[in-house]
Amino acid sequence: MHTGQIVVDDKEVYYRFIGDSKSSNKILLLHGWNQVGSQSWEPLLSMFEKKDVFLVAPDMPAFGKTTEPKSVWGVDEYALFIEKFINSIDLQDSLWSLVGHSFGGAVVTQITADLGVKKISKLVLVAPAIVRESVKSQSLKTKEKVSKMGKKLLQKLKLNFLYEVSRKLWSKVIGSADYYHTTGIKSQIMAKVVRQDKQNILDQIKIPVKLIWGAEDELTPIWNADKIVSKLSDATLIKLNGVNHGVHLNAKERLFEEIDSFLL
């Protein structure tokens with residue numbers, strides 16, 4: 001595995017990659033909402049090291065080591081930026097396959113709608129945050145209330161030092177570590193993107209799509225998958241029993257198999 005840096009629109013973009021850029025199998029991985037960016041893909045990246053592939057996973061702006069935006073971006077701004085990133089590293093103007101998890105799934109969906117079949121060959125959506133109509137399950141809402149009550153109790157008991165430990169444990173229960181641990185302009189970006197429903201662009205996508213979803217996902221509930229599939233012209237849905245929102249962490253071997261069989 002290698003790392004690289006490139007400047008796109010005055011932003012220093014940090015990315016991880018494996019393989020040779022001359023490979024005809026080019027895949028872009030976009031991470032979900034987290035603190036570490038493309039680092040979350042490392043276990044999956046390592047599984048592709050013996051494949052004939054050029055696989056690139058950038059830190060999106062405000063994630064990992066990449067410069068944050070100076071204004072409040074939404075899905076469209078992120079999609080446009082990643083399109084420019086692809087063009088900056090792809091001197092051969094090749095066809096790409098895109099893989100996106102959660103928020104990254106929304107971004108690659110927008111990219112595919114923008115660039116179409118001339119640039120994107122296949123699309124893999126891993127629990128994508130595309131449907132934004134009451135995405136939280138009642139169970140998750142209850143957990144969030146309990147979390148807020150627990151924080152207040154720790155503060156009242158002057159046990160603030162326990163909050164960070166409990167937050168990490170709680171985020172594992174919810175299934176997406178650091179999703180709620182957001183500050184600064186990133187918190188404003190999050191407030192914007194969680195209101196951006198992208199179902200209206202799905203009918204513009206005319207390439208094969210595979211959706212991979214954890215059946216126990218509470219951040220993007222499994223019923224979202226059926227809504228998305230119904231709006232796509234060529235889609236396959238894989239449901240993983242016993243798996244939550246962190247498919248790339250909790251079912252990485254199965255995720256590798258599904259991506260490998262679909263893209264390579």
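Every number here is computed from the coordinates shown, using simple stated rules; none is lab data. Remember, predicted model here, so these are calculated numbers, not experimental data. For neighbour counting, all protein chains shown are included, and Cβ atoms are generated from backbone atoms with ideal geometry for every residue, glycine included.
Does segment 196-264 come out rounded, prolate or oblate, given a ≥ b ≥ c as the square roots of the eigenvalues of its C-alpha gyration tensor, rounded meaning a/c under 1.5 and, failing that, prolate meaning a/b above b/c?
On the way: a/c = 2.33, a/b = 1.26, b/c = 1.85.
It is oblate, given that a/c is not under 1.5 and a/b is not larger than b/c.
Sequence-ordered 3J(HN,Hα) estimates for segment 51-58 from the Karplus curve with 6.51, -1.76 and 1.60 and θ = phi - 60° stand at 8, 7, 7, 10, 10, 10, 10, x Hz, glycine and proline given as x. Each Lys or Arg adds one and each Asp or Glu takes one away; over the other residues whose Cβ falls under 13 Å from the Cβ of G100, this sums to +3. Summarising the amide proton neighbourhood of E218: residues at separation of 5 or more, or on other chains, whose placed amide H is nearer than 5 Å comprise H245. Here the calculated FRET efficiency for D226 and N87, from their Cβ-Cβ distance with R0 = 30 Å, stands at 0.30, rounded to the nearest 0.05. You can think of it this way: the chain between T67 and K206 has 46.7 nm of extra reach, that is 0.36 nm per residue less the Cα-Cα gap. 3J(HN,Hα) along segment 123-128: 9, 10, 10, 9, 6, x Hz, from the Karplus curve 6.51 cos²θ - 1.76 cosθ + 1.60 with θ = phi - 60°, whole Hz, x for Gly and Pro. Put in order of Cβ neighbour count within 10 Å, fewest first, the listed residues R195, R254, R132, R16 become R195, R254, R132, R16.
Set the Förster radius R0 to 25 Å, insert the Cβ-Cβ distance between L95 and R254 as r into 1/(1 + (r/R0)^6), and round the FRET efficiency to 0.05.
On the way: r = 26 Å, r/R0 = 1.03.
The formula returns an efficiency of 0.45 here.
Shown is the FRET efficiency for S46 and S261, computed with R0 = 22 Å from the Cβ-Cβ distance and rounded to the nearest 0.05: 0.75. The length gained on full extension between K118 and A215, counted as 0.36 nm times the residue separation minus their Cα-Cα distance, comes to 31.6 nm.
Computed from label points 7 Å out along Cα-Cβ, the spacing between V7 and E133 is 4.6 nm. Summarising the amide proton neighbourhood of L237: residues at separation of 5 or more, or on other chains, whose placed amide H is nearer than 5 Å comprise L211.
The phi torsions of segment 89-95, fed into the Karplus equation with coefficients 6.51, -1.76 and 1.60 and a -60° offset, translate into couplings of 9, 9, 6, 9, 6, 8, 6 Hz, rounded to whole numbers, with Gly and Pro shown as x.
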